[in-house]
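The values are calculated or read from the model by the stated rules, or taken from the named source; none is laboratory data. In this text, all values refer to a predicted model and were calculated from it rather than measured experimentally. For neighbour counting, all protein chains shown are included, and Cβ atoms are generated from backbone atoms with ideal geometry for every residue, glycine included. Calculation scope for accessible area: heavy atoms of the full protein, side chains included, ligands and nucleic acids excluded. Shrake-Rupley method; radii C 1.70, N 1.55, O 1.52, S 1.80 Å.
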Amino acid sequence: MPMYQPSSGRRREADSEMGLGGGGGGGGGGQVLDVETAVKDGILGGGGLICDGGGAEKLDLKEIVEELENIEVPSVFICPISLEPMRDPVTLCTGQTYERSNILKWFSLGHFTCPTTMQELWDDSITPNNTLHQLIYSWFWQKYLAMKKRSEDVQGRALELLDTLKKVKGQARVRALKELRQVVTSNSSAKKTVEDNGGLGSILSLLGPFTSHAVGSEVIGILVNLDLDAESRRNLVQPAKISLMVDMLNEGSTETKINCTRLIETFLDGDDCGADTVSSFSLLVGLLRLIKEKKHPNGVLAGLRLLKALCCQEPVRNSVVSIGAIPQLIEILPNFDPECLELALHVLDSLSSLSEGRVALKDCPNTIPNLVKLLMRISESCTQLALSILWAVCKLAPEECASQAVEAGLAAKLLLVIQSGCNPVLKQRSAELLKLCSLNYTATLFISKCKLTRTIQ
């Protein structure tokens, strides 16, 4: 459970209003209000008498707190030691209140002071703060019941919308899908309701060769938030549905493009189809457009993730090379953040396994300069991938590429790799590439370009 950290200002205000003294739940310095009065007066957000749950089975306080882990908790309920809600509050002779297990651990470490005030304790006894315990339970129980009611309302609304989708068409269908998407995206219980009540089949049935983009984008926005089973994935890889998704990837809004990309990626995660089943020139072109869109980093990441997955099969790699992806990726390589950069390097490395890919890399004037800049700069993984690509390019045309590589500072970077704490495989590849460059470059100039003395220093 994450730590709860209420602001000091709100804490003092709550302490004052409740009459709870001390640094974490009261006991000294003021009279603690009785539970019914505190809730009735709205001091802790209640609107009436303590709720008994309306006949619902009461849970253990620990279970309730775990259910409500993201809720903002009044500071008087927080243990000053753990900064988490107290379940068994006890008060010291100083008037400060703590969670029992936390203060006992404090004592077991040999401390005989109050953790908050650092006063020496004149009495080592601890007193259960039953009033605060009851108040904590009442507050959390009310919040739990309210959460359950909201959840039930949302689940009911999700079922209503699923039923509505069977009856309406046109703009009414779009509106129902839009609301269902909002409900599913914001509430996990609604998501489970849709999945458990045949919602997947109903939603999937709306995708077809004559589906409008307005309906398709909402459907895909829902599906990308659901857990698709094997049958649903097989349903989605039908040619007509794949074609619709590819069209929307090329023509839809940025959000729709990202959703299409993520949904297609889920097919490749399972055993239902291979990359060649869903890939097409139109899909690859759409992905490259998404990757090159600088304004939407989420789209760049999603596009690169899918492109990396698609490049696992050679026929797809050939298609990626044929549409000119290599020079486009090389040019925008310096603009990527570390996560996107590693994905892009994975793609380029896989493309370098093809003879056409190596030629395309060699013919791109910025391949070697951009890759050399990445060595020993981002991560060991990026360095390894960049070296792998450089090796493939330089091996293809040693005389031509060695000169360009050394001029770009490759030799000095390779010496850094060899002297670093990188893994032995990486060092070995660096040594091989360094030897390749030295054999294809004038010896005197090569040593000069290495800047050996400066590198060692």
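To keep it simple, each residue is scored yes or no on (1) without any contact (Cβ under 8 Å) to a residue 24 or more places away in the chain; (2) surrounded by 15 or more Cβ atoms within 10 Å (Cβ to Cβ); (3) part of a loop (DSSP other than H, G, I, E, B).
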site	(1), (2), (3)
R87	no, yes, yes
G95	no, yes, yes
Y98	no, yes, no
I103	yes, yes, no
G110	yes, no, yes
T116	no, yes, yes
W122	no, no, yes
S125	no, no, yes
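Inside region 242-271, can you point out the residues that are surrounded by fewer than 20 Cβ atoms within 10 Å (Cβ to Cβ) and charged (D, E, K, R)?
Result: D247, E251, E255, R262, E265, D269, D271.
Identify all residues within region 184-227 that are within 20 Å of the chain's Cα centre (by Cα) and among the hydrophobic types (A, V, I, L, M, F, W, C); write none if there are none.
V184, I220, I222, L223, V224, L226
Would it be correct to say that K449 is at pLDDT 75 or above and open to solvent by 30 Å² or more (accessible area, probe 1.4 Å)?
no
Please find, among E293, E331, E231, the residue that is more than 25 Å from the chain's Cα centre (by Cα), modelled with pLDDT under 90 and surrounded by fewer than 20 Cβ atoms within 10 Å (Cβ to Cβ).
That would be E231, the only listed residue that is more than 25 Å from the chain's Cα centre (by Cα), modelled with pLDDT under 90 and surrounded by fewer than 20 Cβ atoms within 10 Å (Cβ to Cβ).
In this structure, is E218 outside any loop (DSSP other than H, G, I, E, B), surrounded by fewer than 17 Cβ atoms within 10 Å (Cβ to Cβ), of a type outside the set (V, I, T) and at negative phi?
No: the conditions fail for E218.
Of the numbered conditions (1) touching a residue at least 40 places away in the same chain (Cβ under 8 Å); (2) farther than 18 Å from V168 by Cβ, L206 fails exactly one; give the number of that condition.
Answer for L206: the failing condition is (2).
Tally up the residues in region 128-141 that are open to solvent by 40 Å² or more (accessible area, probe 1.4 Å) and in contact (Cβ under 8 Å) with a residue 40 or more places away in the chain, please.
Total satisfying the criteria: 5.
Among (1) within 23 Å of V417 (Cα to Cα); (2) open to solvent by 30 Å² or more (accessible area, probe 1.4 Å); (3) in contact (Cβ under 8 Å) with a residue 40 or more places away in the chain; (4) in contact with a Leu (Cβ under 8 Å, 6 or more places away or on another chain), where does L341 come up short?
(2)
For region 189-215, enumerate the residues that are touching a Gly at 6+ places or on another chain (Cβ under 7 Å) and assigned to a helix (DSSP H, G or I).
Residue satisfying the conditions is H213 alone.
Starting from region 407-418, keep only residues that are on the phi > 0 side of the Ramachandran plot, then list their pairs with residues that are in a helix (DSSP H, G or I) and surrounded by fewer than 21 Cβ atoms within 10 Å (Cβ to Cβ) whose Cβ atoms are within a distance under 9 Å, requiring at least 6 positions of separation or different chains.
These pairs meet every condition: G409/P369; G409/K373; G409/K449.
Would you point out the residue of region 165-179, among those that are free of Cβ contacts under 8 Å to residues at least 24 places away in the same chain and in a loop (DSSP other than H, G, I, E, B), that is least open to solvent (accessible area, probe 1.4 Å)?
Selected residue: V168.
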